[in-house]
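Data block below; observations after.
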Amino acid sequence: MAEFNPNQQPDNLTFLSPGVSIAEAENPNRPRQVMGFRDLVLFYIITGISLRWIATAAAAGPSSIVIWIGAWLCFYTPLALSVLELSSRYPNEGGLYVWSKRAFGDFSGFMAAWTYWTSNLPYFPAVLYFAASNVLFIRQANWEHLSNNATFYIIFSLLTLSAATLLNVVGLDVGKWLHNIGAIAMWVPVGIVIVMGLIAWHRYGSATSFTLHSMIPSTHVNDIIFWSVLTFAFGGCETASFMGEEIKNARRTIPLALLSGGVVVTICYILGTICVLLALPSNEVNSLQGLVQAVSKTASRVGYPGVLPLAAFLIALSNIGAAGAYLAAVARLPFVAGLDRFLPPAFGALHPRWKTPWVALLTQFFLGVVFVFLGQMGTSVKGAYDVLVSMGVITYFIPYLYLFAAMIRLQSEPAGPDVIRVPGGSTMAKMVAVVGFLTTAMTIALSLIPQQDEPNKPLAMLKVIGGCGALVGIGAGIYWAGKRKAARSVSQHQRA
């Protein structure tokens, strides 16, 4: 064993070559490479597209098209370019954790991973609430009375979260089929919306007036808050990098799949929003049930009501698949943190049979269950949904600050021939990262403001700020406790 230097912070990943991860170096039972190009493209689609944001954008009217384009330019493009370069530089298990740790040290790496991991705790019930709201349209006449029934949303979220966790514990080679099926299920309802929107427009004209005036985004506070939601919708292209060692030929596969998936994501958001507005006026779109609502009303207008149950089922299935995909990806963050001894060693252990980070997956499941119940405290179903979305945006975007800052910092490191650089070299890479950093910071600030229709704004803001602050504080406490424990362990080993 190398001599211990008390002035040197442990940095297991830093001293490994870019092609060798800590999982490979320390754990002989490393994860299996089961994700190919097709799987990865579908993974990017299921994590990059959320049909609920199409409804949210349509509810804001034609100006949302301009906001989509702005979010794509100011956030998605810098994010995708940064992920392309960083993942080709360091294609290790852990992705964002590895990049932040390499750029700024142990604490930054841990907090980037912790906030990203915990951001999915409010994300799971939020996306599953949306899935549940769409299930009601499978038998609309019989189940519509459950639309404001908190018990229904809780039970549905618990059952689907349990199923997704079980599939991912059994293995990514099994769990990936939920992600793949969810991605495919997402195409059909989008296609239905596009086709029926065009039919309705052809027969009856557009339900929404697309004029220069209506396309200009409003600068009222509530409308500016909405910008942050559409920016949030473009997140997700960094997720596959967390599973670098479970992807076949990751250095080549990730960039190709990311570019392919990115085109699909952007087209679906913009074209889907336009077609919803062709079918329905924006004031008739509900952000919680908007897309299936658009299918329902448009199907009735064009004479195809039978497509509603199918569309509702597929929209719900696609969101369950998205929850499973994020569950799989972000569980790799506490896994590598466990290998680095910042979390209990159990987090760094793989299941003896299925070779999956089962402790991290189960821990995330149990904490997700807690958030399913916490989101309903003292508010309506829609209020719970808005609070969960705001918490998800803030904790989800903190790691992006680390990612863009790491992109700037790591430009000083030499790039090998296999690294995919941002066009224009280091200077352009830094400029792109600065744009992404500023957009991220603005999005976090806007997400603190409650929605206009929230009946109890002080409580909503308290829940968002308190929840996010508690998650960050707990993460910092866990890090320093793990750091002290590791130092004591080394000291005791030396004395022995």
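Collect residues whose amide H, placed 1.01 Å from N in the peptide plane, falls under 5 Å from the amide H of residue 243; neighbours closer than 5 in sequence don't count.
Residues meeting the amide H criterion: 94.
What is the spin-label model distance, in nm, from residue 487 to residue 184 if the labels are put 7 Å beyond Cα along the C-beta direction?
Between residue 487 and residue 184, the simple spin-label model gives 5.4 nm.
How large is ³J(HN,Hα), in whole Hz, for each residue of the stretch 402-413 in order, when computed from phi with the Karplus curve 6.51 cos²θ - 1.76 cosθ + 1.60 and θ = phi - 60°, using x for Gly and Pro?
Values, residue by residue: 5, 4, 5, 5, 5, 4, 5, 5, 7, 5, 6, 7 Hz.
Give the separation of the Cα centroids, the stretch 193-229 to the stretch 400-437, in Å.
35
Cross-link list 101/483; 101/485; 463/483; 176/355; 101/430; 176/248: which exceed 22 angstrom alpha carbon to alpha carbon?
463/483
Can you run phi through the Karplus equation (6.51, -1.76, 1.60; θ = phi - 60°) for the stretch 146-158 and list ³J(HN,Hα) in whole Hz, with x for Gly and Pro?
For the stretch 146-158, the Karplus-derived couplings read 8, 4, 10, 9, 4, 4, 4, 5, 5, 5, 4, 4, 5 Hz, x marking Gly and Pro.
Classify the stretch 100-244 as rounded, prolate or oblate, taking a ≥ b ≥ c as the square roots of the eigenvalues of its Cα gyration tensor: rounded when a/c is under 1.5, otherwise prolate if a/b is larger than b/c and oblate if not. Can you show the working numbers first?
Numbers: a/c = 1.86, a/b = 1.29, b/c = 1.44.
Oblate shape, in that a/c is at least 1.5 and b/c is the bigger or equal ratio.
Test of understanding: what is the full-extension gain from residue 139 to residue 206, defined as 0.36 nm times their sequence separation minus their Cα-Cα distance?
The residue 139-residue 206 span can extend by a further 21.3 nm.
Give me a comma-separated list of calculated 3J(HN,Hα) values for the stretch 265-281, in order, Karplus coefficients 6.51, -1.76, 1.60 applied at θ = phi - 60°, integers in Hz, x for any Gly or Pro.
Per-residue couplings from phi come out as 4, 4, 4, 4, 5, 6, 5, x, 5, 4, 6, 5, 6, 5, 8, 9, x Hz.
Read the figures in this text as sums done on the coordinates, not as results from a lab. Every value quoted in this text rests on a predicted model; they were computed, and no experiment measured them. Here Cβ is always computed from backbone atoms with ideal geometry, including for glycine, and neighbour counts include all displayed protein chains.
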